[in-house]
Amino acid sequence: MKRNAINELVQWREQKTPVPFLLTGTKGTGKTYLAIEFALAYYPQYLYVNFELNSIAERFFCEKILSGVSVSAAIADFFQMDEEILTELVIIFDEISYCPVLMNAMKHCKTLPVICISGILPSSEMQKQFRVCRIFPLCFDEFLSAVGNDWYVDIIQAHFQTLKPVPDIVHQELLALFEEYLIVGGMPGAVNEYISSKSVYNVGEVHCTLKNRMRAVTEAICGEREAGKALQIIRVIPEQLKRENKKFRFNLIRKGVTYALYKDSILALEQSGMVLRLNEQGNETHFKLYFPDVGMLYSSFTGEENAEIRKALLENYVMQTLESNFTNPIHFWESKAQAKVDFILSKNGIETPVELRTSLTGKAKSIASYYAVKGNMQEQRYYRFGFENFYSTSVLKQIPYYAVFCIK
């Protein structure tokens, strides 16, 4: 499966930067697959160690580095190869967070090409010693490529630039594929099952396996006490998103609990990519939590269907797509009068509200309320994500859901 992140790895190789590369993201997003496919395509050979599975390697590197041996010398010693030969290869350290001594020492490794993989996003200070690339589930454009419809991606991107409608037959085909994506999601294992079986019927089993793997990771990284709270949070997310007001409510876990009690658990889930968090504009204690993958959320509803579940799936899809592609701040907004804007995109000092539509009717009353509260802003423009074809007016850009990945 071609991943957009391959471009960052190629740039890293071409720049011959001495900084190690770090792939990070939640379990099941294809980090290891991407690293190995890149290594096979661009290097004569790769060397691989998984510290989660290889405790002998973890002890070896800890002992060497703590005794004063350089990282490059320790790598050469471990693989029984000359450092000069290693410069022509690429070393892949999988789940390097299980060997914190080595991870911390990587800042001194400036002679060998090393790709590190971690399911946990390291601290901002630790990130400075790597070129960091976060891996998310496949976005819709990557999904199209995976299922053999690459040509649709070029069409969508071209029409996003002009905002001219795509031919209706193409528009309907893309909407049908988008509905499949809401069920399958972007986890490579689920997409592979969809491709091989040519149906969506068994992807729920793949999602169940992924959730079990995530549960095991949660218990490993959080400790017994925090893991219990983290699992409670994950368990209630579908119930939270089924509500009309999708802000996270702790009383759905149990009465009397507070944000302070669960703050560390939420942070751990964020850092491991197991939840996506969207804060209210100007108030970080009010937030929404989403799954990293819309397909996993769909499977959590176990066949239930209603308007709020439909809205939850669309919100989750938009959130994961923006989190993957849009590098600027994202928030949601609510007024005291309960007007709601699901997403506010901030870029170059300009805030652009987003209206999500679950049908072909309705007016953007909350957008009007947002601008009324904000005052006479210079550019009162907004996006509408919906099922209609591309079009624009003086204030509105209508973007079909299948084209959200174009927003950078």
Looking at (1) loosely packed, with under 15 Cβ neighbours inside 10 Å; (2) on the phi < 0 side of the Ramachandran plot, find the lone condition where residue 16 falls short. (2)
Being open to solvent by 70 Å² or more (accessible area, probe 1.4 Å) and not small (Gly, Ala, Ser) is the filter; apply it to segment 330-354 and report the residue that is farthest from the chain's Cα centre (by Cα). 336
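In a helix (DSSP H, G or I), in contact (Cβ under 8 Å) with a residue 12 or more places away in the chain and over 11 Å from the mean Cα position of the chain (by Cα) - does that describe any residue in segment 277-295?
yes
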Give me the residue from segment 232-242 that is of a type outside the set (Val, Ile, Thr) and open to solvent by 30 Å² or more (accessible area, probe 1.4 Å) and, out of that set, farthest from residue 297 (Cα to Cα). 232
Could you tell me whether segment 206-229 includes any residue that is surrounded by 15 or more Cβ atoms within 10 Å (Cβ to Cβ) and not in a helix (DSSP H, G or I)? no
Taking into account only those residues within segment 388-405 that are hydrophobic (A, V, I, L, M, F, W, C) and in a strand (DSSP E or B), which is surrounded by the fewest Cβ atoms within 10 Å (Cβ to Cβ)? 396
Which numbered condition residue 143 misses (of (1) farther than 18 Å from residue 23 by Cα; (2) free of Cβ contacts under 8 Å to residues at least 12 places away in the same chain): (2)
In segment 336-392, which residue that is under 18 Å from residue 288 (Cβ atoms) and among the aliphatic types (A, V, I, L, M) is modelled with the lowest pLDDT? 339
Which residues, counting only those in segment 20-67, are in a helix (DSSP H, G or I), open to solvent by 20 Å² or more (accessible area, probe 1.4 Å), within 19 Å of residue 109 (Cα to Cα) and of a type in the set (Phe, Trp, Tyr)? 60
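The values are calculated or read from the model by the stated rules, or taken from the named source; none is laboratory data. Computed from a predicted structure; not experimentally measured. Note: ideal-geometry Cβ built from the backbone for every residue, glycine included; neighbour counts use all protein chains shown. Ligands, DNA and RNA are excluded from the accessible area calculation, which covers all protein heavy atoms including side chains. Shrake-Rupley method; radii C 1.70, N 1.55, O 1.52, S 1.80 Å.
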